[in-house]
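Structure, as structure tokens:
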Ligand code: S3P
């Protein structure tokens, strides 16, 4: 696909609903009693995979173009699926669903696409096994396909070596089906949507610092959930606004949960002009509008406890760094290697293609900003939605023509991404 260059961006847009929140609302709605209504649900392929997995387990889910009705059957209402549950490309579906499947009285299996079959599941298999779960990797390589047999679960206190909301959520969900309390401690607090939303559904869940504990066997009750716009999707427009020579754009209805908003901290530290307007709370999550204006950017350092709050935004922050003055160092981000693609490789290879001075490291990368040397390139998406969107934004700021392979992979999290970006471009 040919990508567009722009010198002026104007207008307002609302990005689609939050992916993490959309997944959780369907899952928790399915194991709650009554009909959970979700508005602004993300109609991306990943969230549709979650819907279809629960439909296969007997849950009626109506999808009226982003307005979702999940007819929950309570904690013990799921039924045995015919055949493997297909999570597609979705790591969140795979890992959270595993926590639920581990506690079911029926056997099941879960599988996904080629990328899912390479993503590490040992990080959930080990603690689930400690809880008594009968779960295994069918090919013995610690990856999907995974199989589950009925088992009696016991709550554990688990100290996770990685700050991962997917691991944390998996174990908390298994904990709903266990005897005794389950608690998870992580090295740094990862996104806390599970804690917030499970509490709203009626679970007895307590978070203190980086430890969260849940009591088993709650009576979960249906909720009305309005998903805020996804800050991970807003990040591409924030970057586009900052990089375009003449830009002023308003991104409306963006979720700014502090466990997710590291992209704002870093973009501002780089000199980005981003105003937070109209701050409010929607379905227990902080939400605002963001006004973004053209900015002169400089390099920065990204690492430590901030990483989990911006892990999905590192590819687009790396693009910003290539256009900034001076060096940007990204460290403590080895998790990038196990995302939809190895994002240290996919990001740095694409940056090199456009003439950026970048050195990949074991846990991140070093980028020496050199905006004058950047040039047109044929990018590769590596079938990774976030890589495709990051380099579509890079192309916007590069004067020469650029292309990207397999551009349609953006359907995973943002089906209308290219149209929404084109809608802001002003032609002079
Ligand atoms: C997610 C958690 C993150 C993130 C992913 C969505 C979630 O993964 O990268 O896109 O919804 O829980 P990890 O928690 O494994 O870092």
Quick check on the stretch 195-212. Is at least one of its residues under 21 Å from the mean Cα position of the chain (by Cα), within 16 Å of the ligand (Cβ to nearest atom) and assigned to a loop (DSSP other than H, G, I, E, B)?
yes
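Out of the residues in the stretch 84-107 that are assigned to a helix (DSSP H, G or I) and in contact with a strand residue (DSSP E or B) (Cβ under 7 Å, 6 or more places away or on another chain), state the one that is nearest to the ligand (Cβ to nearest atom).
Looking at residues that are assigned to a helix (DSSP H, G or I) and in contact with a strand residue (DSSP E or B) (Cβ under 7 Å, 6 or more places away or on another chain), I get 94.
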Given the conditions (1) buried (at least 23 other Cβ atoms within 10 Å of the Cβ); (2) more than 16 Å from the ligand (Cβ to nearest atom); (3) closer than 25 Å to residue 170 by Cβ, and given that residue 9 satisfies all but one, which numbered condition is not satisfied?
(3)
If you go through the stretch 281-294 one residue at a time, do you hit one that is surrounded by fewer than 24 Cβ atoms within 10 Å (Cβ to Cβ) and either over 23 Å from residue 13 (Cα atoms) or without any contact (Cβ under 8 Å) to a residue 24 or more places away in the chain (or both)?
yes
Subset of the stretch 368-401, residues in contact with a strand residue (DSSP E or B) (Cβ under 7 Å, 6 or more places away or on another chain), surrounded by 24 or more Cβ atoms within 10 Å (Cβ to Cβ) and not in a helix (DSSP H, G or I), comes to 379, 381
Hey, among the residues in the stretch 16-37 that are away from the ligand (no atom under 15 Å from the Cβ) and outside any helix (DSSP H, G or I), which one's nearest to residue 89 (Cα to Cα)?
31
Looking only at the stretch 132-154, filter to residues that are touching a strand residue (DSSP E or B) at 6+ places or on another chain (Cβ under 8 Å) and over 25 Å from residue 215 (Cα atoms); which one of those is surrounded by the fewest Cβ atoms within 10 Å (Cβ to Cβ)?
138
Residue list for the stretch 298-345, restricted to those being more than 20 Å from the chain's Cα centre (by Cα) and either surrounded by fewer than 23 Cβ atoms within 10 Å (Cβ to Cβ) or in a helix (DSSP H, G or I) (or both)
298, 299, 300, 301, 321, 322, 323, 325, 326, 327, 329
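If you check 25, 45, 6, which single one turns out to be closer than 30 Å to residue 251 by Cα, in contact (Cβ under 8 Å) with a residue 60 or more places away in the chain and assigned by TED's automatic domain parsing to the domain that holds residue 399?
Result of the check over 25, 45, 6: 6.
The values are calculated or read from the model by the stated rules, or taken from the named source; none is laboratory data. In this text the structure is predicted, and so the values were computed from the model without any measurement. With ideal geometry, Cβ positions are generated from the backbone for all residues, glycine too; neighbour counts draw on all protein chains shown.
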